[in-house]
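S.K.: Pasting in a structure now, in structure tokens, and then I'll have a few things to ask.
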Amino acid sequence: MNITEILSNPIRIQVMQYLQIYGEATTKQIAEALSDISTPTLYRHINIMLEQEALLVKEERKVRGSTERLLVINEEKFGMSENLSQDAYQFLMGLYMNFQKYCENDTVNPKDDRLSLRTCILRLSDSRYDELMDEIGKVIEKYQMMNEGGKERNLSIISAPIDV
């Protein structure tokens, strides 16, 4: 299973997003945060991610007679490889797969769903760009774990120089 297949499931994406924010967590902590997902379903997806080495067990500890695993993202699997073109392709194909599933739904309503496909060009120094990305990260973190009963949405940010 490649990265695109691993992340083609919204539950696995939520697990990855949680771990991106908190760095490490036990399955119990993830289950408490993602309470709208049944525990057996969540455990099944976490086990798939462990089998595929998308997640790693950082530490195991005994808690009341059972073993608790501290999970982290396998940065080697999800970090940039030497083949940036392939990394970009896998990332974009994952987005495309999600978008294709959305479009296949009979009840698609881009206006009501707040579908947005936008590009903007920024001219910033490296330090100002770093400030921008830090601020975006803080805003995303603020809203990412809110559970207001709303729709789940994918928000993807792609940043690349226009000319090299």
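S.K.: Can you pull out every residue in segment 98-120 that is among the hydrophobic types (A, V, I, L, M, F, W, C), surrounded by 10 or more Cβ atoms within 10 Å (Cβ to Cβ) and part of a loop (DSSP other than H, G, I, E, B)?
M.R.: Selection gives Val108, Leu115.
S.K.: Out of all the residues in segment 66-86, which are charged (D, E, K, R) and either at pLDDT 95 or above or more than 16 Å from the chain's Cα centre (by Cα) (or both)? Steps first, answer last, please.
M.R.: Here is the first cut: in segment 66-86, the ones charged (D, E, K, R) are 68-69, 75-77, 82.
Glu68, Arg69, Glu82 - these are the residues of segment 66-86 that are charged (D, E, K, R) and either at pLDDT 95 or above or more than 16 Å from the chain's Cα centre (by Cα) (or both).
S.K.: Here is a follow-up. For segment 56-76: of the residues being polar (S, T, N, Q) and farther than 18 Å from Ile21 by Cα, which is surrounded by the fewest Cβ atoms within 10 Å (Cβ to Cβ)?
M.R.: Ser66
S.K.: Sticking with this structure for a sec: Which one of these does Pro10 not meet: (1) of a type outside the set (Asp, Glu); (2) within 15 Å of the chain's Cα centre (by Cα); (3) farther than 15 Å from Arg69 by Cα; (4) crowded, with 16+ Cβ neighbours inside 10 Å?
M.R.: (4)
S.K.: Considering only residues of segment 119-147 that are of a type in the set (D, E, K, R), under 20 Å from the mean Cα position of the chain (by Cα) and more than 19 Å from Gln14 (Cα to Cα), which is modelled with the highest pLDDT?
M.R.: Checking each candidate, the answer is Glu135.
S.K.: If Leu124 passes every condition in (1) within 15 Å of Ile21 (Cβ to Cβ); (2) of a type outside the set (D, E, K, R); (3) assigned to a loop (DSSP other than H, G, I, E, B) but one, which one does it miss?
M.R.: Of everything listed in (1) within 15 Å of Ile21 (Cβ to Cβ); (2) of a type outside the set (D, E, K, R); (3) assigned to a loop (DSSP other than H, G, I, E, B), Leu124 misses just condition (1).
S.K.: Output the residues belonging to segment 101-118 that are over 18 Å from the mean Cα position of the chain (by Cα), over 16 Å from Ile157 (Cα atoms) and of a type outside the set (S, T, N, Q).
M.R.: Cys103, Glu104, Asp106, Val108, Pro110, Lys111, Asp112, Asp113, Arg114
S.K.: Identify, please: which residue in segment 1-32 is more than 22 Å from Gly94 (Cα to Cα) and assigned to a loop (DSSP other than H, G, I, E, B) and is, among those, modelled with the highest pLDDT?
M.R.: Glu24
S.K.: Of all residues being part of a helix (DSSP H, G or I) and touching a residue at least 40 places away in the same chain (Cβ under 8 Å) in segment 33-65, which is nearest to the chain's Cα centre (by Cα)? Just the residue, please.
M.R.: Filtering segment 33-65 for residues that are part of a helix (DSSP H, G or I) and touching a residue at least 40 places away in the same chain (Cβ under 8 Å), the one nearest to the chain's Cα centre (by Cα) comes out as Met49.
S.K.: Look through Glu131, Glu135, Glu152 and report the one residue that is touching a Pro at 6+ places or on another chain (Cβ under 9 Å) and not aromatic (Phe, Trp, Tyr). Reasoning before the result, please.
M.R.: Values: Glu131 fails: touching a Pro at 6+ places or on another chain (Cβ under 9 Å); Glu135 fails: touching a Pro at 6+ places or on another chain (Cβ under 9 Å).
Selected residue: Glu152, the only one of Glu131, Glu135, Glu152 that is touching a Pro at 6+ places or on another chain (Cβ under 9 Å) and not aromatic (Phe, Trp, Tyr).
S.K.: Filter segment 22-55 for residues that are more than 20 Å from Leu7 (Cα to Cα) and loosely packed, with under 15 Cβ neighbours inside 10 Å and give the result.
M.R.: If the condition is that a residue be more than 20 Å from Leu7 (Cα to Cα) and loosely packed, with under 15 Cβ neighbours inside 10 Å, then Lys28, Glu32 are the ones that fit.
The values are calculated or read from the model by the stated rules, or taken from the named source; none is laboratory data. Quantities reported herein were computed from a predicted structural model and do not represent experimental measurements. Every residue, glycine as well, gets a Cβ built from its backbone with ideal geometry; the counts of neighbours run over all protein chains shown.
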